[in-house]
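Written below as structure tokens is the structure these notes are about.
Just so it is clear, none of the values below were taken in a lab; they were calculated from the coordinates. Everything numeric in this text was worked out from a predicted model, so none of it was measured. Quick reminder, even Gly has a Cβ in these numbers, built from the backbone with ideal geometry, and neighbours come from all protein chains shown.
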Amino acid sequence: MILKERTVPLIIKKLEALLRRLPNNHPQWTRIEEDLFKYKAGYHGEKSLDYHLSFFPKESSIILHDLRLVDDFKHFFQIDTIIITPRLLIIIEVKNLIGTLYFDQTFNQFIRIIDGKEESFTNPIIQVERQKRQLTEWLRKHNFKNLCVIPYVVVSNPKTIIKASINQSEIAKKVFHSELLYKKVEELEIKFKTDLYTQKEIRKLAKLLIKQHQLLDQNILDKYNISSAELLTGVLCSNCSQFTMERDKGNWICNYCLHDSKEAHIGALVDYLLLIGNTIKNKQARDFLHIPSIYNASRLLSKLNLTTSGTKKDKTHYLDELSQQSSY
């Protein structure tokens, strides 16, 4: 069973919001666009693994996606997917790369070759082995020290070619295409014949892992050295993608294409949450949404039923409850 679903990474949502709110000629535009492409490719690779995971028996295995934990040295480690069984625990690092992947064990390099060009990446075997050490220590600390941790690197694109300089059979034990995952786990279940924990105990472990998960929520403007003053403000029209919507008698009307919407401001406030912060006051809402009236801004914010603090004059609205909503 899946106890922690795979969701769109927060970094993707923030980068999409940032591109919406930056002029196309901004000096950081290309870099942000390239980063978004890489994060999306990684996410789609992870999503493609879900099909193969769907064949795993729900009654005997627990699956967790996107876990970010911290070790005793205050180092964070992130794991794409964890499979927990009563006999062992499997961690999976997913790679969605096209071309030829070459493991140069002489110089300990991981090289992607595509269209005759070579590009070096962080070695995923070293990466997943480090995750294994950190998770093993985490398990020991939480009294699950008997559970063996098996690390795998799964290549999600079936057309990607995997090569190694030497010890190809050893590399093949750790690195393989996603369609082989079920077979690999079956082999492990035969090798590890004894249940070390009960279903109740591994469910307890899974819940503890979820409880200790810490979401990475970095300031995206700081990451790219962008000031909030550089962002485009206003309410985006979902029909023509222009920031030309105005509030009129409880409705949003686009001055460009005349498209109307009751809730177009929600998407704008989600952008504010992703890019600027989780709290907003009346003045900030008026400036960002282009609402001249204090009363109209106050009424609009009140209708969202957000958690608030402070007096009427200095009321703060907390936007976190909008995190699952968007009109885009």
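When +1 charges are put on Lys and Arg Cβ atoms and -1 charges on Asp and Glu Cβ atoms, the dipole computed for the chain relative to its Cα centre reaches about 900 debye. The packing ranking, built from the mean of other Cβ atoms within 10 Å per residue, places the peptides 312-320, 192-200 in the order 312-320, 192-200, highest first.
Taking only the C-alpha atoms of region 206-252, the Rg (one decimal) and the largest Cα-Cα distance, Dmax (whole number), read 18.6, 50 Å. Counting every pair of alpha carbons in region 171-226, the share spaced more than 19 Å apart comes to 64 percent. Select one label from (i) 44, 25, 17; (ii) 33, 24, 19; (iii) 30, 25, 16: the one whose number is semi-axes √(5λ) of the Cα gyration tensor in Å as derived from the coordinates shown. Among (i) 44, 25, 17; (ii) 33, 24, 19; (iii) 30, 25, 16, the one derived from this structure is (i). Toward the positive end of the charge dipole of the chain, with +1 on the Cβ of Lys and Arg and -1 on the Cβ of Asp and Glu, the farthest Cα among ILE190, ILE92, SER120 is that of ILE190. Pairs spanning more than 31 Å between alpha-carbon atoms, out of LYS132/LYS207; LYS74/LYS207; LYS95/LYS141; LYS58/LYS303; LYS163/LYS191; LYS58/LYS174: LYS58/LYS303. For the peptides 61-68, 202-209, residues were scored by their other Cβ atoms within 10 Å and the scores averaged per peptide; the highest-first order is 61-68, 202-209. Each other residue within a Cβ distance under 9 Å of THR85 adds +1 if Lys or Arg and -1 if Asp or Glu, for a net charge of -1. The Cα atoms of region 226-296 cover 31, 27, 16 Å along the three principal axes, with the biggest extent listed first.
Subtracting the Cα-Cα distance of MET1 and CYS148 from 0.36 nm times their residue separation leaves 50.9 nm of extension gain. Available extension along the chain between TRP29 and LYS58 is 6.0 nm, counting 0.36 nm per residue and deducting the alpha carbon span.
Rounded to 0.05, the FRET efficiency of the GLU129 and ASN219 pair, given R0 = 30 Å and the Cβ-Cβ distance, is 0.45. When restricted to Cα atoms, region 44-191 yields an Rg and a Dmax of 15.6, 50 Å, respectively.
Computed over region 160-309, the range of Cα coordinates on each principal axis works out to 70, 41, 31 Å, biggest value leading.
Find the relative contact order for the chain and round it to a whole percent, using C-alpha pairs within less than 8 Å whose residues are 6+ positions apart. Please report the intermediate quantities before stating the final value.
Working: 498 pairs, mean separation 51.1, N = 328.
Taking the mean separation of contacting Cα pairs over the length of the chain, I get 16 percent.
Taking 4.7 Å between beta carbons as the limit, the unpaired Cys residues of the chain are CYS148. Using Cβ point charges alone (K and R +1, D and E -1), the dipole size of region 54-125 about the Cα centre works out to roughly 180 debye.
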